[in-house]
Each structure stands twice: as structure tokens, then as C-alpha cells.
1. Filter the range 70-86 for residues that are under 34 Å from the mean Cα position of the chain (by Cα) and surrounded by fewer than 13 Cβ atoms within 10 Å (Cβ to Cβ); which is modelled with the highest pLDDT?
2. Of everything in the range 141-188, what is surrounded by 16 or more Cβ atoms within 10 Å (Cβ to Cβ), touching a strand residue (DSSP E or B) at 6+ places or on another chain (Cβ under 8 Å), without any contact (Cβ under 8 Å) to a residue 24 or more places away in the chain and farther than 30 Å from residue 269 by Cα? Give them in sequence order.
3. Please enumerate the residues belonging to the range 485-530 that are closer than 19 Å to residue 565 by Cα, in contact (Cβ under 8 Å) with a residue 40 or more places away in the chain and assigned to a helix (DSSP H, G or I).
4. Based on this model, can you work out whether residue 127 counts as in contact (Cβ under 8 Å) with a residue 24 or more places away in the chain and crowded, with 21+ Cβ neighbours inside 10 Å?
5. Run down 544, 565 and say which single residue is at negative phi, under 20 Å from the mean Cα position of the chain (by Cα) and either surrounded by fewer than 20 Cβ atoms within 10 Å (Cβ to Cβ) or outside any strand (DSSP E or B) (or both).
6. For the range 334-362, give me each residue that is surrounded by fewer than 16 Cβ atoms within 10 Å (Cβ to Cβ) and in a helix (DSSP H, G or I).
């Protein structure tokens, strides 16, 4: 894999971002991946490939002109043009772009990745919103928050290191969040590096309570003044930064070591008795992990990253944020009890053994792969919703298991009714994705008892029709599985309100879930035509709400919008509004996959191959009139409100019919047999036999449902 890493900071300035980038690069090199690092030039003037970052493992490096941050000159800021970054990335041809703690350079980097349609993975490491607040820039925090939200919503994936960071980003409306912590070098940071000589050089005979990190306003190091007069305790401050002089004046009895790194830092941490971290704006807090790996108990604020790292009364204490009396009491509890310090230290070391950089980097490569799958989904979207689709549906049950639903009801409009699905059907008769799904469910479930199915969908139906007509009828049938695909006819109506419409669907779903039925909720979709873009934002907002509804109600989600293949025009019928048979097969097998029907994906591929000859039977040339004027606009005019659903073949009093399935191994039966009334048949107009060819890697079978009365 070719990975381009854009880092907001680089060596020689060492911080959490630089350190984690170095660890990632080492792992990628060991695994044979090619890398490009784009980072600020430490001198700020040169630009180009330079071999001056030895800890970046000889990666190809592009160092860009930068300027020092006025309040912190060690931090460099790059203002690169997006066009220049695009050229760099195009020349390297990455498979994925890694954005390390993106802000300025990262914002331009994600734009460059988008220009090339390359997936991007943003690593959230720095709470720049809190930094803006700490530094007191009037009005800056809201502006920074909006910038962070735009940047991460644009990235294909965002990885956050802690539950606090994930909650913060969720509050900003950022989707596709994944947890990704930090590893710790347990060979470098180990209790064996404890040095009595180092301790004597700092404060002979005293208990050492220490902090390690940057000396800057956001770290709140001045809070350690609450510890300066603890009896027998010496405060040790490890690190450097713009606030060092001020802190030395505020903490006159503390020992300031200056910047330490590598084995010097490891020795210092292992030689402490208690580690303290007061900063409330940490997204993770790597030094807490390093102290734990060194066998040192930790006292940290109960906010931000430390909440996930410190186990109170096991390997340290969390104190109330801002409560310096509580901070003092927690530290005093440990400084006054050597046995407790020893016990907490042992638990601390044991608790981080599994947090290796190797394991974390393997997980990162998996996230790269996930982003590469998600990127085509994003490219296929006509418009971006509040939330984007996730990965294509995955089975809800192991492939060896079979779902046990025995009473399935389908609700919806003409798509679920089956309009334009004429595969292997007599002229004028239809099948549809729900009917195909029912066939698979009838054969996949337990063999005891009968499988019953009713399709209540009627063409031209809108959400209000599902609420007033289809839902009551469905409840009377006592289903254990209900599919709901509705909303397209509402969303193309003038003045459609996606939030209000989705609220009506939510009530339908909650009503069904209250009966104990499982719900398969499907997102409506549009053909990928330029004219369809006028409705795209409505569909995107509506589908974002459906994803939330599915998540909150425990429903199964058939996210059709997440299927790039559904945009292919050869899946759409001549009218450009309905699916042809190939499209219905796609939906049926995706639904089967979501429901956990064994080998559904493979069966779908097999049936597609068996029906490859149908392209000559179905006109795939597309509509002869402009899609918008011929098909879309007639559905959203003023008469739409007064037009009732079309009269179809569904009865006024629906009943569930029994599926009788005949299996014929290894061949497709050319003609359907007749059967007495009362056996379920598929078709939107009249009754007709239906067949669905499918198989497994070892056997190909054909299911046939004989003719019947309409359900």
C-alpha cells in the first residue's frame, strides 16, 4: 500500500503527533508499505525533498515552507496551496492519505485528496478548540470548532483516541468516527529503569511527584501549586515550552529538568513515585500511558483522555476537574502510603501490556482498508447528508446459521410492489425484490412449520399511506419481520420536509418494534442523472435520519444509498424511476445479506450470471425523453397531493399466504407448474409463477413458487 502522511508538526519538534507519526512510519516500513511524509520545514524557508528527519525511517519527505506560531515558535504552520499538494499526491499516487492531527495543512490535504478521489483518514490528536479557549482569543473557539467540523466531515474516516474525544466530535456533527488509541513502548518505559542516582540528584530522601509534557497554557501545569507544600514531597516538572519562565516563578520549590526524550525520559518517569497530569484538554494523554508502563501510579483530571486510561483505586486516581483540593487529597493519599503506591504501580504496568504500537498500527492499516472501501461510496453519492453511509451491509448472523423468521410483510411503494421486474415473468406481470427475498427466507429458515408472506406495497404510495393503510394491515397479520422502503414519492414533492417525513417513518418503525417484530428499514435512492440532483439533498437528509432511526430502534438497515452499483443506469427501467429485474435482484440479495441468509452475496453473483442473457430482453438504452420532464416532475406537481395510490392487485383485506417451495437441483426449470388457489404467487398485476435461481459454491438450485391468489 502507498500511504501519504501529512503531519502538522515534525522533527525536531517532538510531541505526541510527531511521536505517533514516527511509530506509524516504522511499522509501515517493516510491513513493506511505501510512504510519503509531507510536513513543515523546521527552518521555514526551504521546500522540497529533504533527508533531515532520521526518526521518520527514511521515508520520502516533502518539507514545506512554514512560519512559527507567534506564541510558541517551536510549532510551525504551513500555508501550502491545495494545487501544490494535489501535484505532490498525484506524483506519489497514494492509496490512502493519512492526516495526522489535521488543522491547517490537513485542511488543504483533505481537499487535495478529494480532488484526486483518494480516501483520507484523519487522526484527531489535538483539541485545538480547547487551545483557542485557553489562549483567550476572542471569538476564536467557535470559528475553530466550525473549521474542525468541516475538515473531519470531509475526511473519509476520523480516528479518535478516547471516548471523550469521540463524544466531542459527535457533538460537532462528525460522522464515521472510529476509536484508535496510542501504543506504548513497554521496553523503553519500564520499572527497571528506576534510578536511585537520578532520584538523589533531584531531591535526596524525598517523595517525587512529577509531571511530564509541554509547558503551555493548555496543560494547566500551574494547578500543581496545590502540591508544593505537601510534607516530604518534591515536585518535578519534566519538559519545556513557552510558559516555562512563568511556571518557574509560580512553582519556586519545584525542580525543572527541561526537555527530556528517549531513555532520559524513561529513566525520569520510572524514578518518580507519583505521576500527575492536570490538563483538561487532552484527547488521549500519552504520558499517562508511559508512566503506567514505568510502574508509576497516576493522578489525573477526570476529563478528557485520562478518563479512559486511569482506573481509580486500581492504578491511580481521577480527581474532579478544577477541584485543586481534590487533586491535593488524591496525591496525598498515595504519597502517604508506600504499599498502595507499590500495588497501584504493579496494576499500572500490567494494564498497558496489550497496548503495543504493533497492535495499534495493524488496526490502523485495517482502517486504511476500510477507508478505501468507503471512498467509492462517497463518490457515488449525489449529495452529502448529515451522516454518510457506512460499509455495505454485513450479515447479522454467522454464515452457518439461518434466520428464523416465519411471517414476513413488505411495506412500501412501487419499488417494493415490484414494478418493472419482468424477469422470467409473463408479459405484464412483475415480481420485485421483496418477493425474491421472501423466497430466500422461506428456504433459509428452520424447516418446521410454514413460511408466510404478504406484500402490502402499492405503487404511488407515500408515507401517509403506509401510516394509514399499510401499517394497520400489517399489524393485523402479526409479522415477525417487516421491510419498510418508503419516502421517494414524498421527497420529490414540492416543499418536502425530510425531518418531518422521517419522523412519521420513525413512528411506523417504533410501532412495529413494540410488537416484537424485526424491522428491515431501507433507504430510498435516486438514479444517477444530472437532473436528479435537485432532489439529492432531500434524500441525503432523509436517509441520514433513517440511519439514526435504525440505530436507535435496533432495526436492521438496508442502506441502498451505500451501494455504488445502484447508481448504474443499466439497473434502471426505461422510465428512469423504477428498477429493472437486475436492480431488484441486487436489492433482494443485499437485503438477504443484511438478514444473515447464508452465502447471500455469493448466491447473488451466481444468479446475476445465470440471468446475464436477459440484457437482450430488457431495453437498457435508457429513456427516450428527458428524465426530469418525462418522469420526475409529473410526480411532484400540485396534483400529487390529491392523487391516491394507484389501484394495484393488492386486496382490501390482505392475508398471509403459505410459501410452498419446490427444489430442483442443478438446473433451471423452464416452465412453472400450476397450483391451486391459496398458494403465494408473485406479481403486481394478476398472479404468476415466480422462480429465483440460486445456489451455493457446491450446488445450484431453483426455487419455484406456483401460481396463487394475490396476498
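The values are calculated or read from the model by the stated rules, or taken from the named source; none is laboratory data. Source: prediction; values computed, not measured. Every residue, glycine among them, receives a Cβ derived from its backbone with ideal geometry; neighbour counts consider all protein chains shown.
1. Among those that are under 34 Å from the mean Cα position of the chain (by Cα) and surrounded by fewer than 13 Cβ atoms within 10 Å (Cβ to Cβ), it is 83.
2. 177
3. If the condition is that a residue be closer than 19 Å to residue 565 by Cα, in contact (Cβ under 8 Å) with a residue 40 or more places away in the chain and assigned to a helix (DSSP H, G or I), then 488 is the only one that fits.
4. Values: in contact (Cβ under 8 Å) with a residue 24 or more places away in the chain: yes; crowded, with 21+ Cβ neighbours inside 10 Å: yes.
It is true that residue 127 is in contact (Cβ under 8 Å) with a residue 24 or more places away in the chain and crowded, with 21+ Cβ neighbours inside 10 Å.
5. Values: 565 fails: under 20 Å from the mean Cα position of the chain (by Cα).
After ruling out the rest, the residue left standing is 544.
6. 338, 339, 340, 342, 343, 346, 350, 358, 359, 362
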